[in-house]
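Some notes on the structure that comes next.
Just so it is clear, none of the values below were taken in a lab; they were calculated from the coordinates. All figures in this text were calculated on a predicted structure; none of them were measured in a lab.
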Amino acid sequence: MKLTLSVFAAGAGLLILGFPAIAHHSFAAEYDSSKKVELRGVVTKFEWTNPHAHFYLDVTDPKGKVANWNLELASPNMMQRNGWTRHSLKEGDHVEVVATPAKDGTNTASAQTIQKSDGTKLTFMAAPPPDVK
């Protein structure tokens with residue numbers, strides 16, 4: 001009985017330790033790096049959360065139909081190291097985004113560059129830090 005309980009506890013412990021690895025996804029598994037999408041729209045929400053920050057963008061197509069895009073960013077820690085704050089993007093900001101679209105065809109993408117209507121460029125992938133105003 002003790003051996004069975006020990007084996008069960010060890011197995012449960014290994015499963016629990018593996019959950020963080022399962023939860024984090026591979027960029028190549030989710031996004032199509034051979035494609036780029038350019039989006040222009042209005043920020044509807046900015047989430048400063050781990051493991052990745054996200055912002056949501058209302059994009060209006062030429063026919064007037066509005067689609068809400070979920071744009072993934074880096075981790076808040078990486079973004080802070082590059083000059084971002086939780087206030088770098090705000091609801092109502094007009095932005096232009098270059099992003100890598102999701103493979104599944106949904107309105108989901110990984111943002112690469114963001115330019116605000118005042119000309120401010122936000123990035124988190126390379127130095128120098130973004131010109132955050």
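Over the range 27-122, what is the percentage of antiparallel beta bridges among all DSSP beta bridges, to the nearest 5? Percentage antiparallel, nearest 5: 90. With contacts taken as Cα pairs under 8 Å at a separation of at least 6 residues, the range 27-122 carries a relative contact order of 32 percent.
Across all directions, the shadow cast by the convex hull of the range 27-122 built on its C-alpha atoms averages 6.2 square nanometres.
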